[in-house]
């Protein structure tokens, strides 16, 4: 079922906005809408624009609570904004000296990491860096050169130049090293190296000893810094844990206040005439049940004025959809949401899907033992993990068990119990014809639901002349009746009756568009291009007739899977030796598990396909929007 909705408007003085949000929006399920959009015909409104004063506090409090040990705190009552701010700012001030020291140490660590990055590729240079930097008549250049250019340089150029290149390291892309050159030829040699894409790296005067010694000393310094930081973090956590309860409550308070403050984005304000004359307006949807409770409470509040109506007088207002189903059917809402929620004026198909899905699954997968295994496994998984699909499996397993008794099958054994109805392997045609008959019944029900949906939406063209409306229902019922009469050896009715039940419905479907225009009292009944209309309608009518046949035949798969399941279990019985009376228990168990897993998955998908394509396509649009209460965010 779909909860009945009422359109709610709350108005009051602008200064009272936060109190109202805390008192009403956080306690009642209200789906908020943009007030400026909903009240677009009013020219005396403007956006409720204010900067959120809690954003900075939230940033501080989030940074603080991340450092706390897990703690259980009761959030029954919130602090005042002033109290929350004081707690957070006091905690921040309490850590100011440690934070300053922490920033300095992080800066030192960053510098050390930069020095490591610059020196690590030159660690194989076994020479004191300061002595290299003190050279007066020899210039030096640290850097890297791509492999391809270094190879050419070494082969064709290097021997003819007054330079020495000392290779320190190679990686996938570059050769790292240092070259030396006489000071008087530095300009020329630098130009040659530059033409070889040599990328110079200037090392700072911050190293001592060889590159390897510098690298190790810097690593030791980083280790010391990390140790100091670890000690600072421990002191910070210790200080904060002393006020953990207050800090958690303050963080929760500013989070709620900030979230409530952001409701202003959806609210509107009257234009300024004076500070005391500005009012806010909040709009949204509330369930009919909650609306009565809220109105009674608001009547006692002198600063709040509430207006509630059904929202149906304005065609532009589209209520959100909130599904309400019994606990047994609620997991099947997952399938509905996968397709799309029903519109507010549509029938909720959850109950229909829950019943038909479970029955069809049972028909296609009828086995007492495997069905009970699905029931137990699905129920346990739902209890432990609260997974909707597990609850669906459990309910489908119930019907699988029921049809197992009807088929007389227990873990594939068909001689343990007598079938209450029939054995699929021995009654193939009966199973197939029954499946088609069941499919016909479901299609007729889907058409009736479509007619009801059309009446609720006041779409009389859809109700009377649609493929799945009254005309389609009469034609399809007459077609099925005729087929049954032929197969049972009875004579068909006379030509006049045949025309009434076949000809007239087809003509109504063919002329649906102009007939709908007549009902809507439009000036133009037929479209401008009449020839194109007749061509399109002819092809559409042919497609309709074809869909009636294919949709009905599609339900053969229900019986086919029932036969397939019986056949697969027969193969398991044969391979495990059960037919000879001396079964291999391991093979029997493995076979049952394999069939249950593989065929159960395939059957589950096929049933969902039947729901979506053979039934939903006849009556369901799924174009609704979900009811999302502010309280639940």
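With (1) without any contact (Cβ under 8 Å) to a residue 12 or more places away in the chain; (2) under 30 Å from residue 221 (Cβ atoms) as the list, and residue 41 as the residue in question, which single condition is left unmet?
(2)
This table checks each residue for (1) without any contact (Cβ under 8 Å) to a residue 60 or more places away in the chain; (2) part of a loop (DSSP other than H, G, I, E, B); (3) surrounded by 11 or more Cβ atoms within 10 Å (Cβ to Cβ).
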{"position": "150", "(1), (2), (3)": "yes, no, yes"}
{"position": "153", "(1), (2), (3)": "yes, no, yes"}
{"position": "172", "(1), (2), (3)": "yes, yes, no"}
{"position": "189", "(1), (2), (3)": "yes, no, yes"}
{"position": "207", "(1), (2), (3)": "no, yes, yes"}
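Conditions: (1) under 30 Å from residue 106 (Cβ atoms); (2) in the same structural domain as residue 17 (by TED's automatic domain parsing). Residue 279 meets all but one. Number of the miss?
Only one criterion in (1) under 30 Å from residue 106 (Cβ atoms); (2) in the same structural domain as residue 17 (by TED's automatic domain parsing) is unmet by residue 279, namely (1).
Counting only residues that are over 20 Å from residue 448 (Cα atoms) and touching a strand residue (DSSP E or B) at 6+ places or on another chain (Cβ under 6 Å), how many does segment 330-380 have?
3
Out of 142, 165, report the one residue that is touching a strand residue (DSSP E or B) at 6+ places or on another chain (Cβ under 7 Å), assigned to a strand (DSSP E or B), over 30 Å from residue 103 (Cα atoms) and touching a residue at least 60 places away in the same chain (Cβ under 8 Å).
So the residue among 142, 165 that is touching a strand residue (DSSP E or B) at 6+ places or on another chain (Cβ under 7 Å), assigned to a strand (DSSP E or B), over 30 Å from residue 103 (Cα atoms) and touching a residue at least 60 places away in the same chain (Cβ under 8 Å) is 142.
May I ask you to list pairs of residues, at least six apart or on different chains, whose Cβ atoms are under 8 Å apart, with the first in segment 569-586 being touching a residue at least 60 places away in the same chain (Cβ under 8 Å) and the second being part of a helix (DSSP H, G or I) and surrounded by fewer than 12 Cβ atoms within 10 Å (Cβ to Cβ)?
Listed by first residue and then by second, the contacts come to 573/579.
Answer yes or no as to whether residue 72 is assigned to a helix (DSSP H, G or I), at pLDDT below 90, under 52 Å from the mean Cα position of the chain (by Cα) and within 30 Å of residue 56 (Cα to Cα).
Spelling it out, it is not the case that residue 72 is assigned to a helix (DSSP H, G or I), at pLDDT below 90, under 52 Å from the mean Cα position of the chain (by Cα) and within 30 Å of residue 56 (Cα to Cα).
Conditions tested, residue by residue: (1) at pLDDT 90 or above; (2) surrounded by 15 or more Cβ atoms within 10 Å (Cβ to Cβ); (3) assigned by TED's automatic domain parsing to the domain that holds residue 442.
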position	(1), (2), (3)
290	yes, yes, no
295	yes, yes, no
317	no, yes, no
348	yes, yes, yes
370	yes, yes, yes
381	yes, yes, yes
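Please find, among 64, 105, the residue that is surrounded by 13 or more Cβ atoms within 10 Å (Cβ to Cβ), over 35 Å from the mean Cα position of the chain (by Cα) and either in a loop (DSSP other than H, G, I, E, B) or touching a residue at least 24 places away in the same chain (Cβ under 8 Å) (or both).
After ruling out the rest, the residue left standing is 105.
Does segment 126-139 contain at least one residue that is modelled with pLDDT of 90 or more and either within 30 Å of residue 277 (Cβ to Cβ) or in contact with a helix residue (DSSP H, G or I) (Cβ under 6 Å, 6 or more places away or on another chain) (or both)?
For segment 126-139, residues modelled with pLDDT of 90 or more and either within 30 Å of residue 277 (Cβ to Cβ) or in contact with a helix residue (DSSP H, G or I) (Cβ under 6 Å, 6 or more places away or on another chain) (or both): present.
Go over the candidates 53, 70 one by one and state the one that is over 30 Å from residue 221 (Cβ atoms) and touching a helix residue (DSSP H, G or I) at 6+ places or on another chain (Cβ under 9 Å).
53
Free of Cβ contacts under 8 Å to residues at least 40 places away in the same chain and assigned by TED's automatic domain parsing to the domain that holds residue 559: which single residue out of 464, 444 fits that description?
From the options 464, 444, the qualifying one is 444.
Please enumerate the residues belonging to segment 529-538 that are assigned to a helix (DSSP H, G or I) and either farther than 13 Å from residue 506 by Cα or in contact (Cβ under 8 Å) with a residue 40 or more places away in the chain (or both).
Scanning segment 529-538 gives 530, 531, 532, 533, 534, 535, 536.
When you go through 268, 250 one by one, which is the residue that is crowded, with 17+ Cβ neighbours inside 10 Å, over 29 Å from residue 285 (Cβ atoms) and in contact with a helix residue (DSSP H, G or I) (Cβ under 8 Å, 6 or more places away or on another chain)?
Every option except 250 fails the conditions.
Output the residues belonging to segment 191-205 that are crowded, with 17+ Cβ neighbours inside 10 Å and in a loop (DSSP other than H, G, I, E, B).
Result: 198, 203.
I'm trying to understand the selection: among the residues of segment 458-486, which are more than 27 Å from residue 436 (Cβ to Cβ) and out of contact with any helix residue (DSSP H, G or I) (no Cβ under 9 Å at 6 or more places or on another chain)?
458
Could you check residue 371 against (1) touching a helix residue (DSSP H, G or I) at 6+ places or on another chain (Cβ under 9 Å); (2) touching a residue at least 40 places away in the same chain (Cβ under 8 Å) and say which number it fails?
(2)
The values are calculated or read from the model by the stated rules, or taken from the named source; none is laboratory data. Only a predicted model underlies this, so the values are computations on that prediction, with no experimental measurement involved. Reconstructed Cβ throughout: ideal geometry from the backbone, glycine too, with neighbour counts over all protein chains shown.
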